[in-house]
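Okay, structure first, notes after.
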């Protein structure tokens, strides 16, 4: 395949990934296999994918302004925790041999798919519980999930959303807006670490990030008519299929 074909393929995958991320929060289950398909090994594909995810942050921040009103104090408290988690996860990735990462990826993809399917049930359960449930659940859970987000990230947004619905705000749009900011902090830290200390394939990042930005702008319009349950199951099944493929034919 030529370089221009790779760029076009990644641009299209980025648009789809942006749409999927808006609806189900599991962008990497589309963008990551696209990077593998154009020839990147698992470790390089993961770095390029996380850096490209930066393009989704501006659109989500702009779209979430009404829900974020009055949340400045909360964000100042928890965004640094998310940034720390992202830094820890990226440090772990940078110190992980490529062969080991290729063997771990299938399990991470399955975990992301399971999180996507479990999210509605977790949200419904949270609605039946009186009041927020913070304790150590929010700081410990947030640090663990953002570290996972900095390491791989598929499904981390959905899992962070579920955590916030249990501990912070049972209103889905509000919790989703907060999740967007936390994921943004995680990705920023990881992208800085990878750019400074890793080997980022910028030729792959550029078209993928452009596509993700476009997709993140179009996503809310598409999800108004597409049933969320249908999209959720479709992406989860694709993720499981990807996990099986990676398990049978691990990258090098």
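Structure summary
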item	result
Some residue of region 39-50 being crowded, with 16+ Cβ neighbours inside 10 Å and closer than 14 Å to residue 183 by Cβ	yes
Near pairs, Cβ below 6 angstrom, 6+ apart or cross-chain, from region 187-202 (within 20 Å of residue 80 (Cα to Cα)) to any residue that is at pLDDT 90 or above and part of a loop (DSSP other than H, G, I, E, B)	194/200
Unique residue being farther than 19 Å from residue 68 by Cβ, at pLDDT 85 or above and assigned to a helix (DSSP H, G or I) when the list is 162, 144, 185	144
Selection from region 207-232 of residues that are under 17 Å from the mean Cα position of the chain (by Cα) and at pLDDT 75 or above	208, 209, 210, 211, 212, 213, 214, 215, 216, 217
Elements of type helices (runs of 4 or more DSSP H) in region 15-111, at least 2 residues being under 18 Å from residue 154 (Cα atoms)	28-37, 42-52, 56-63, 72-94
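The values are calculated or read from the model by the stated rules, or taken from the named source; none is laboratory data. The shown structure was predicted, so the numbers you read here are calculated from the model rather than taken from an experiment. Cβ sites come from the backbone with ideal geometry, for glycine too, and all protein chains shown count toward neighbours.
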